[in-house]
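Read-outs: derived from the displayed coordinates by stated rules, not from any lab. Everything quoted here is computed from the prediction, not taken from an experiment. When we count neighbours, we look across all protein chains shown, and the Cβ atoms used for this are built from the backbone with ideal geometry, even at glycine.
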Amino acid sequence: MTKVSEAWSFNTFMDERGFQKLSTLQLPTFVKGSLFNQEEDYEYEFKEIRENDIARDIIKDKVIEYTVAFLNDDGGRVLFGISDDLIVKGVLLSRDEKDDIRQLVNNKISDSVQPSVSPNSYAIEFHQVYDENSEMLSDLYIVEILIRSPIDSTIVYFDNKDRIWSKVNGGKRPLKGPAIQDFILRKALNKALNKNRE
């Protein structure tokens with residue numbers, strides 16, 4: 001298998017009004033069948049979409065839980081089209097399907113995340129997939145949903161069913177009972193500790 005390029009770059013910048021824009025990470029070139037050189041962790045989550053699956057439905061089912069989890073835990077990204085064993089598979093999408101997914105993700109996040117988040121708190125990217133000869137594979141993409149770390153880390157985010165999601169290493173989980181109280185207290189404590197360091 002071909003190993004994907006390890007060229008990474010990270011940028012954080014402000015616009016002319018002083019608002020922090022999304023941090024962007026230049027992902028490597030995606031080669032179908034190759035090994036993606038990043039494991040699932042607190043920042044990365046991978047979801048394979050199999051040939052018979054409808055991409056829109058898989059993304060719709062996962063986007064809110066992961067958005068809330070990443071907002072609650074310093075941001076991150078979901079990459080649809082990479083298997084759990086880190087193999088680049090891709091997602092077959094037409095131009096209309098890409099537009100539909102953009103609209104779906106925007107509407108789901110706008111309607112289902114509480115408190116509401118600004119549209120510049122997340123991004124949706126379609127990364128082209130290539131074959132081993134560096135030829136572009138028509139309509140085959142890795143779908144990335146990037147969730148930026150919130151400016152106020154003490155805010156606790158919920159989904160439209162009043163569930164709090166938290167990111168765990170290689171996944172996410174809903175918090176219940178005493179875990180919610182512990183989670184909120186730790187967020188407040190981290191803010192107080194960070195303020196004392198300044």
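Below is a table of values for the structure above.
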read-out	value
Spatial separation of Cα centroids for segment 163-194 and segment 67-94, in angstrom	21 Å
Stretchable slack from residue 154 to residue 51, in nm (0.36 nm times residue separation minus alpha-carbon distance)	33.0 nm
Label-to-label distance, nm, for residues given as residue 116 and residue 40 (7 Å Cα→Cβ offset)	3.3 nm
Where trypsin sites (Lys or Arg not before Pro) fall in DSSP loop in segment 29-103, at most 11 other Cβ within 10 Å	50
Full-extension gain in nm, residue 179 to residue 161, via 0.36 nm per residue minus C-alpha separation	4.7 nm
